[in-house]
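No lab work stands behind these numbers, since they all come straight from the coordinates. Since the structure is predicted, the reported quantities are computational estimates derived from the model, not experimental observations. Cβ placement follows ideal geometry from the backbone for every residue including glycine, while neighbour counts extend to all protein chains displayed.
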Amino acid sequence: MRITALAGGVGGARFLRGLLDHLDSRPTDPSGGPHEVTVIGNTADDVTLHGLRICPDLDTVMYTLGGGIHPEQGWGRAGETFGVADELRAYGAEPQWFTLGDRDIATHLMRTRMLGLGYPLSSVTEALCARWQPGVRLLPMSDDPIETHVVIDDPEGEPADDGTPAVKAVHFQEWWVRLHAAVPARQILAVGIEQAKPAPGVLEAIADADVVVLPPSNPVVSIGTILAVPGLRDAIRATKAPVVGVSPIIGGAPVRGMADACLTAIGVETSAAAVADLYSDFLGGWLVAPGDADSKMPEGVTLKAVPLLMSDAEATAAIARAALDLATELR
Ligand code: GDP
Ligand code: CA
């Protein structure tokens with residue numbers, strides 16, 4: 001069975017870990033073939049800091065599936081040290097709100113060096129995964145640089161003549177990490193996305209899939225940006241494979257993180273149904289938490305209620321199994 005999943009960082013990676021655990025317990029599909037999982041990773045969180053190109057979501061997937069992740073935190077390396085960060089701080093190097101661990105820096109050095117030699121991000125990611133052996137084919141959504149920027153009020157800026165307050169755009173990482181998404185986002189923009197092309201293999205992975213899965217990743221800045229890569233959403237609409245998703249919203253709130261601030265910025269309510277509505281042009285099945293079962297879902301979407309907290313490996317594998325079972329029902 002060929003499974004293609006779209007994924008952001010922590011939510012996506014945890015779900016994928018559960019998916020692989022579930023598949024490990026069933027090494028072949030009913031036809032006797034092996035399972036192949038392709039992950040299309042969000043690259044719009046990417047940022048250049050201290051001259052290093054950082055791909056937080058790709059790395060979270062790679063470390064989580066490759067056994068290098070900090071387990072409680074859900075991102076960054078296990079057993080990390082911060083000698084370089086301490087030295088940078090001693091130099092007063094900005095930005096100080098984003099700390100890179102020493103082990104993690106090695107990944108960014110490798111990536112930056114290869115990009116500098118002219119390799120596309122997809123080749124770089126493949127090379128990094130040769131070490132981590134994540135058990136999936138990890139593809140960046142695009143080889144072209146795309147960066148999510150957030151437009152916020154600028155209290156220091158001059159208001160316009162008509163009194164409209166000044167605004168400024170900050171990188172998504174600054175809004176998320178430094179400002180904790182507590183400053184209202186007036187707009188969320190994926191800079192560079194209009195000119196971007198899907199990375200090699202991405203459209204094929206969607207067209208040739210037996211099932212397309214949307215893990216419980218952020219619907220705006222993870223899944224939303226992947227779908228906004230030109231041609232990608234059309235490919236998902238056109239694929240013959242059933243598309244099933246897992247709600248990142250339980251009982252009107254995101255489980256971890258501040259996805260509600262992103263949904264508010266695009267004028268969408270924080271509910272399982274409203275997120276399903278964002279995908280209604282292609283979504284076949286939607287897993288929601290038991291308490292959300294009676295919400296009004298978009299027409300044509302088959303709803304299934306199961307516990308959706310990825311509290312441990314077993315619970316997460318059960319969610320993945322429920323997603324695949326729902327896809328089988330739809331096929
Ligand atoms: P990020 O890039 O690290 O922010 O991670 P993702 O975009 O992949 O996932 C973030 C989303 O995961 C958030 O909107 C959370 O609501 C969702 N999430 C995190 N943990 C869980 C969980 O245990 N269950 C469900 N259903 N969603 C979760
Ligand atoms: Ca992310």
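Over the stretch 43-98, the fraction of Cα-Cα pairs per 10 Å bin, rounded to whole percents and listed from the shortest bin up, is 21, 44, 32, 2. May I ask for the distance between the Cα centers of the stretch 234-288 and the stretch 1-41, given as a whole number of Å? The two parts, judged by their Cα centres, are 19 Å apart.
When only Cα pairs under 8 Å and 6 or more residues apart are kept, what is the percent relative contact order across the chain? It would help to have the intermediate numbers written out before the result.
On the way: 669 pairs, mean separation 65.3, N = 331.
Normalised by residue count, the contact order of the chain is 20 percent.
Here's the list of lysines a cross-link from LYS197 could span, going by alpha-carbon distance under 27 Å and ignoring same-chain residues fewer than 8 apart: LYS240. Ranked by the mean number of other Cβ atoms within 10 Å of their residues, highest first, the peptides 214-223, 170-179, 68-77 fall in the order 214-223, 170-179, 68-77.
Which helices of the chain meet both criteria: a Cα extent of 24 Å or more along the helical axis and a mean Kyte-Doolittle score no lower than -1.0, with helices taken as whole DSSP H segments?
Details: long enough: 313-330 (26 Å, 0.77).
Membrane-span-like by this criterion, though nothing is claimed about a membrane: 313-330.
Summary of packing: across the peptides 254-266, 93-105, the per-residue average of other C-beta atoms within 10 Å ranks them, highest first, as 254-266, 93-105.
In the stretch 147-192, one over the average inverse separation of all distinct C-alpha pairs is 11.0 Å, which is the Kirkwood hydrodynamic radius.
Each Cα pair under 8 Å and six or more residues apart adds its sequence gap; the mean of these over the residue count of the stretch 147-192 is a relative contact order of 52 percent. For the chain, the convex hull spanned by the alpha carbon atoms encloses 144 Å³ per residue. Across the stretch 181-331, the mean sequence separation of Cα contacts (distance under 8 Å, 6 or more residues apart), normalised by length, yields a relative contact order of 22 percent.
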